[in-house]
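Below you'll find the structure, written out as C-alpha cells, and then a few comments.
The values are calculated or read from the model by the stated rules, or taken from the named source; none is laboratory data. Everything quoted here is computed from the prediction, not taken from an experiment. Neighbour counts are summed over all protein chains in view; Cβ atoms, including those assigned to glycine, are modelled from backbone coordinates with ideal geometry. Accessible surface areas use protein heavy atoms only, side chains included; no ligands, DNA or RNA. Shrake-Rupley method; radii C 1.70, N 1.55, O 1.52, S 1.80 Å.
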Amino acid sequence: MQHSIWTYLFLMSAVTFAIRIVPVTLLRREIQSRFLRSFLFYVPYVTLAVMTFPAITETTQTPVSGALALVGGIVLAFFGASLFQVSAACCIIVFVAERVL
Amino acid sequence: MHDGIPIALGYLVVSFTLGIAARNAGLSPAEGFLASLLNNASAGEYAGFTVIAADAPYLTIILLTLVANARYLLMSCVISQKFAPDTSIWHRIFVAFDITDEIFGITIARKGYVAPFYNYGAMAVAMPGWSIGTLLGIVAGNILPPSVVSALSVALYGMFLWIIVPPARADRVVGALVTASFAASFAAAHIGVLAALSAGTRTILLTVVLAGLGAALSPIAEKAGAAENSAASEKEDA
C-alpha cells in the first residue's frame, strides 16, 4: 500500500463536500444549459451500471453466483420489487448458488 | 426527525454492506466510520473504496468521487433554488452537507421553501444510522464466514440495480444507456488498453463518454418526471 488511507479519505470527503456545498452557496439561479442538465441527469445511471457489472461477478466467490444475482436483481427491480427485496434476493441467490453449484 | 427514522433504518442495512466493501478494501472500522460520517454517499464511497483497494493514484479518487457523486451536484442545484432568499449561508451549508438521494427526496416532497430544521431532524437520525452501519459492516465482515460475506457483498449491487432498473424500464433513453453501460463496462474490463486502467478510471471514462453521448443525442425534454424538473415546477407553485 503506497498511498495513505487517511489521505484518500480526506480527498474523497473534500470533493463530496464541495459538490454539495458549492451549488447551494454560489448558485442563485437554475442551470440553463440543456446539455449540462441532461448530462447530470444521465450520469448516475451510467455510473451505477458501470460499477455494477462486471464487478458483481468478481466480488463473489464464484463468477456464476454473482451473474445469477445480477439477473435475479434486474428481473425483480424490473417488476417493481422494493429495495430490501432486491438486495436480499441478490444475497440469497449468491448464498444458495455457492452451496449448490 | 420522524421522516428520518425509516431512512435511518434503511441506511443501517445498506451501509452495513458498504462496510463489507470497505473491509475488503482494507479499511479499519474507524476509517470506515469516518468515511461514512463525512461522505454520506453509497455509490461515491463504494467507488472510493475500489480506488483504495487498487492503491491507485490520488487523482483517481478525486475524479471518481466527482463522477460518482455528480448527481448530488444536480440535487444541490435544485435545493439551492428552494431556499428562502434570506436563508443564512450556514443553514445552506449544513443542509447541503447531507443531501443524499433519500433526504433530497423528502426535502423536495415538501411544499414551499426548505425548512433547515426539518432537514436537521432527519439528519440527526440518518447520519448516525449510516456511519454506525458502515462500522458494524467492517467489524462483522471480520467475524462472518466467507460464504456469508460473499453473499452480503452483493447487497449493494442489488441496491444499485434497484435504483437504475425501474427508470431504465420507464425511459427508453435511460434503458439504452444502462444496457450500453453494462456492455461497455464488460468490454472495457477485457480489452487491452482499457483493461490496463484501474476500475475507477474506467468508470470515469465510460460515464463521461456515455452520459455525454446520451445528453448530446437525446437531451431530456422539459417535462415533469426528471427530478430537477418536478422540483422546478414546484418552485413556481411556491
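The number of residues in the stretch B:110-142 that are away from every other protein chain (no Cβ under 13 Å), under 28 Å from A:Ser65 (Cβ atoms) and either modelled with pLDDT under 90 or in a loop (DSSP other than H, G, I, E, B) (or both) comes to 1.
B:Cys77 meets each of the listed conditions (1) buried (at least 18 other Cβ atoms within 10 Å of the Cβ); (2) touching a residue at least 40 places away in the same chain (Cβ under 8 Å); (3) touching a Phe, Trp or Tyr at 6+ places or on another chain (Cβ under 7 Å) apart from (3). Out of the residues in the stretch A:5-28 meeting the condition of being exposed (fewer than 13 other Cβ atoms within 10 Å of the Cβ) and either charged (D, E, K, R) or facing chain B (nearest Cβ under 7 Å) (or both), tell me which one is nearest to B:Asp55 (Cα to Cα). The residue in question is A:Thr7.
If we keep just the residues of the stretch A:29-48 that are surrounded by fewer than 16 Cβ atoms within 10 Å (Cβ to Cβ) and within 7 Å of chain B (Cβ to nearest Cβ), which is farthest from A:Leu70 (Cα to Cα)? Quick ask: steps written out before the conclusion?
The first filter runs over the stretch A:29-48 and keeps only residues surrounded by fewer than 16 Cβ atoms within 10 Å (Cβ to Cβ), leaving A:29-30, A:32-36.
With within 7 Å of chain B (Cβ to nearest Cβ) added as a condition, the list becomes A:30, A:34-35.
On the way: A:Glu30: 37, A:Arg34: 33, A:Phe35: 31 Å.
The selected residue is A:Glu30.
Among the residues of the stretch B:147-190, which ones are touching a Pro at 6+ places or on another chain (Cβ under 6 Å) and either open to solvent by less than 10 Å² (accessible area, probe 1.4 Å) or at pLDDT below 90 (or both)? Write out each step before concluding.
Filtering the stretch B:147-190 down to residues touching a Pro at 6+ places or on another chain (Cβ under 6 Å) leaves B:174, B:186, B:189.
Hit for the stretch B:147-190 is B:Val174, nothing else.
Which condition breaks for B:Phe94 when tested against (1) at the interface with another protein chain (Cβ under 8 Å from one of its Cβ atoms); (2) open to solvent by 10 Å² or more (accessible area, probe 1.4 Å)? That leaves (1) as the condition not met. Check whether at least one residue in the stretch B:54-67 is facing chain A (nearest Cβ under 9 Å), closer than 23 Å to B:Leu18 by Cβ and out of contact with any helix residue (DSSP H, G or I) (no Cβ under 9 Å at 6 or more places or on another chain), and report yes or no. So far as the stretch B:54-67 goes, yes, one or more of its residues are facing chain A (nearest Cβ under 9 Å), closer than 23 Å to B:Leu18 by Cβ and out of contact with any helix residue (DSSP H, G or I) (no Cβ under 9 Å at 6 or more places or on another chain). As a summary of the residue check, B:Ile20 satisfies the conditions (1) in contact with a His (Cβ under 9 Å, 6 or more places away or on another chain); (2) more than 8 Å from every other protein chain (Cβ to nearest Cβ); (3) open to solvent by less than 10 Å² (accessible area, probe 1.4 Å) except for the one numbered (1). Within the stretch A:62-101, if we keep just the residues that are assigned to a loop (DSSP other than H, G, I, E, B) and either in contact with a Ser or Thr (Cβ under 8 Å, 6 or more places away or on another chain) or in contact (Cβ under 8 Å) with a residue 24 or more places away in the chain (or both), the residue that is farthest from the other protein chains (Cβ to nearest Cβ) turns out to be A:Leu101.
Cβ separations smaller than 6 Å between residues 6+ apart or across chains give the following pairs from the stretch B:186-214 residues that are in contact (Cβ under 8 Å) with a residue 24 or more places away in the chain to residues that are aromatic (Phe, Trp, Tyr): B:Ala211/A:Phe39; B:Ala211/A:Tyr42; B:Gly214/A:Tyr42. For the stretch A:49-74, the candidate set comprises residues that are farther than 19 Å from B:Ala43 by Cβ and not β-branched (Val, Ile, Thr); within that set, the residue that is most open to solvent (accessible area, probe 1.4 Å) is A:Gln61.
Screening B:Phe117 with (1) in contact (Cβ under 8 Å) with a residue 24 or more places away in the chain; (2) of a type in the set (Phe, Trp, Tyr); (3) open to solvent by 50 Å² or more (accessible area, probe 1.4 Å) gives one miss only, at (1).
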